[in-house]
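First comes the structure, then the notes that go with it.
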Amino acid sequence: MKAWPRWARSPAAGSAPRRALSALRAEGGGPGGRSCLVRGGRASAAPTAACALCGAHREAPGCRSELERGCGGVARHLVAQSVAFMCCGTQYSHLEEKTQWEHPKSGRRKRVAGDLPYGWEQETDESGQVYFVDHINKRTTYLDPRLAFTVEDNPVKPTTRQKYDGNSTAMEILQGRDLSGKVVIITGANSGIGFETAKSFALHGAYVILACRNMSRGNDAVQRILMEWHKAKVEAMTLDLASLHSVQHFAEAFKSKNVPLHILICNAAIFGAPWCLTEDDLESTFQVNHLGHFYLVQLLEDVLRHSSPARVVVVSSESHRFTEIKDSSGKLDFSLLSPPKKEYWAMLAYNRSKLCNILFSNELNRRLSPHGVTSNAVHPGNMMYSSIHRNWWVYTLLFTLARPFTKSMQQGAATTVYCATAPELEGLGGMYFNNCCRCPPSREAQSAVAAAALWELSEGLLRRRAGRRGP
Ligand SMILES: NC(=O)c1ccc[n+]([C@@H]2O[C@H](COP(=O)([O-])OP(=O)(O)OC[C@H]3O[C@@H](n4cnc5c(N)ncnc54)[C@H](OP(=O)(O)O)[C@@H]3O)[C@@H](O)[C@H]2O)c1
């Protein structure tokens with residue numbers, strides 16, 4: 001047996017499953033035994049309940065049984081084709097080695113199928129009992145983790161009920177998902193929501209590229225993820241969204257890897273920054289939060305198309321509702337997007353850039369969804385204590401006061417992860433999500449005319465600055 005760390009050794013002898021097992025033995029359980037223990041007492045007699053040379057009787061979804069493994073380690077193996085556990089309706093077929101669970105009232109049947117979830121391994125302890133090691137969450141159990149992801153045997157109509165909400169975390173949303181083979185780029189992934197998003201993807205097998213403006217902070221983030229899961233496939237690459245040259249350099253470096261791109265998360269942003277012009281002569285909030293991402297997507301468009309189905313998620317904010325970007329005649333006003341110093345107000349610049357995020361996502365989806373690339377915009381949560389408040393001590397104070405009442409970083413990453421991976425969103429885009437749920441953005445953000453105008457304006461800015469022809 002491999003030399004696992006202490007937490008990965010077989011569950012303690014006094015653990016609940018063991019205690020249940022000992023109790024079963026004491027009661028004369030075992031192959032051909034008569035007892036089946038349930039929480040709070042004995043259930044109806046189940047003559048075949050205790051056969052478990054192969055670990056047959058495990059806790060089934062919805063079942064209250066604490067009995068996990070039947071008799072275990074006994075030479076006599078029931079050869080009946082299937083056994084039914086009357087306390088929960090679990091059926092185990094010895095010939096097919098499959099566990100099936102039937103709900104006693106609805107008649108819905110589920111079965112255990114497929115490989116172990118990503119990060120899990122099966123081990124055998126000294127007494128020959130099988131147990132399972134979850135390397136990501138550092139825990140062991142006798143329960144087969146696949147029981148949590150059983151497959152409907154008689155699928156019913158897909159439900160439209162919301163599965164996740166504001167309390168859900170990114171890790172919960174990805175639970176049981178194996179993202180091996182998926183390539184993900186996340187901008188601004190060295191801190192805050194971006195880091196939690198990157199970590200969640202990496203812990204579920206995806207190859208994650210952290211696009212960061214500061215390589216030492218990027219490499220630090222990579223190390224923190226590797227400390228959680230040494231097999232994680234993570235890498236930091238330099239991307240400064242305040243420089244079109246850097247964006248171009250990043251795109252070329254990524255393309256030289258010759259890998260597909262399945263998920264692109266436009267997450268990086270600055271908030272409350274003092275007015276300053278970038279090397280491309282644009283106001284920095286506008287360039288970092290919108291134009292840099294716009295350019296990045298333009299440069300990676302062909303890779304995204306070739307990797308279809310691919311998804312883009314643009315991290316926006318509810319603050320997009322408190323502004324507009326049109327002048328009095330209803331036309332898109334460039335001087336509102338990249339204002340001169342005397343007309344600059346940091347909060348307004350941030351809100352406008354977040355409105356641009358939604359308009360950009362909608363137009364991107366309109367143009368690329370026919371080619372298998374969809375895009376959605378998200379609001380991650382309100383006033384979460386990341387490092388976004390760093391530009392002014394007043395913001396830091398406000399974020400500190402709000403901290404006990406706001407989402408954790410894991411919860412902040414949930415809506416992004418949901419939009420990037422939810423099977424029910426396959427092929428769907430042009431929407432805005434908050435708390436893992438679709439909701440309407442402001443009227444201005446829904447305007448197809450404004451979205452098309454912003455696209456044209458952004459292309460024009462790039463043509464002039466980067467000398468690049470728009471598509
Ligand atoms: N926190 C909230 O309450 C909240 C609410 C609504 C929306 N959001 C949105 O959520 C997203 C993530 O924000 P956060 O809260 O996680 O903030 P954060 O911790 O400050 O993360 C922002 C990230 O963007 C990076 N970044 C900044 N300028 C960049 C540039 N020029 N090039 C490349 N990367 C750059 C930062 O890198 P450095 O570390 O090197 O600066 C950092 O990694 C943002 O889009 C934000 O608008 C946040």
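Which order do the peptides 168-174, 114-120, 190-196 come out in when sorted by mean C-beta neighbours inside 10 angstrom, highest first? Intermediate values should be presented prior to the final figure.
Details: 168-174: 21.6, 114-120: 16.1, 190-196: 25.0.
Descending mean neighbour count gives 190-196, 168-174, 114-120.
In debye, nearest 20, what is the charge dipole magnitude of region 206-345 about its Cα centre with +1 on Lys and Arg Cβ and -1 on Asp and Glu Cβ, if you could check?
For region 206-345, the charge dipole is close to 480 debye.
Using a probe radius of 1.4 angstrom, the carbon and sulfur fraction of the accessible surface of region 103-248 is 48%.
Using the beta-carbon distance between K105 and L428 and R0 = 45 Å, what value does 1/(1 + (r/R0)^6) give for FRET efficiency, to the nearest 0.05?
Details: r = 33 Å, r/R0 = 0.74.
E(calc), rounded to 0.05, equals 0.85.
Determine the sum of side-chain charges near S335: Lys and Arg each +1, Asp and Glu each -1, restricted to other residues whose C-beta is under 9 angstrom from that of S335. Cβ neighbours under 9 Å give a net charge of -3.
Between the C-alpha center of region 396-420 and that of region 243-273 there is a gap of 24 Å. At full extension, L226 and R390 could sit 56.4 nm farther apart than now, given 0.36 nm per residue minus the alpha carbon distance.
Multiplying the sequence separation of S408 and D333 by 0.36 nm and subtracting their Cα-Cα distance, what value in nm do you get?
Working: separation 75, 0.36 × 75 = 27.00 nm, distance 3.64 nm.
Going from the current span to full extension adds 23.4 nm.
Nonpolar atom fraction for region 308-448, defined as the carbon and sulfur part of the 1.4 Å probe accessible area, stands at 58 percent.
Sort the following peptides by mean Cβ neighbour count (other Cβ atoms within 10 Å, averaged over residues), highest first: 456-462, 310-316, 349-355. Before the final figure, lay out the partial values.
Values: 456-462: 18.1, 310-316: 28.0, 349-355: 26.3.
Descending mean neighbour count gives 310-316, 349-355, 456-462.
Database remark: amide H of M431 closer than 5 angstrom to the amide H of A377 (H placed geometrically; neighbours at sequence offset of 5 or more, or on other chains; Pro and chain starts carry no H). Peptides 102-109, 378-385 ranked from most to least packed give 378-385, 102-109, packing being the mean of other C-beta atoms within 10 angstrom over each peptide's residues. Cross-link reach is defined here as a Cα-Cα straight distance under 12 Å, omitting same-chain residues fewer than 8 places apart; for K199 the aspartates and glutamates meeting it are E228, E235.
In the structure shown, do any of K163/K407; K163/K255; K255/K341; K163/K231; K233/K255; K138/K407 have a Cα-Cα gap over 26 Å, and if so which?
Violating the 26 Å Cα-Cα cut-off are K163/K255; K255/K341; K163/K231.
Set against the 2.2 N^0.38 Å expectation for a compact globular protein, region 249-362 has a Cα radius of gyration ratio of 1.16.
The values are calculated or read from the model by the stated rules, or taken from the named source; none is laboratory data. Just so it is clear, the model here is predicted, and its values are computed rather than measured. Glycine also receives a Cβ, built like all others from the backbone with ideal geometry; neighbour counts cover every protein chain displayed. Just the protein is used for accessible areas: all its heavy atoms, side chains included, with ligands, DNA and RNA removed. Shrake-Rupley method; radii C 1.70, N 1.55, O 1.52, S 1.80 Å.
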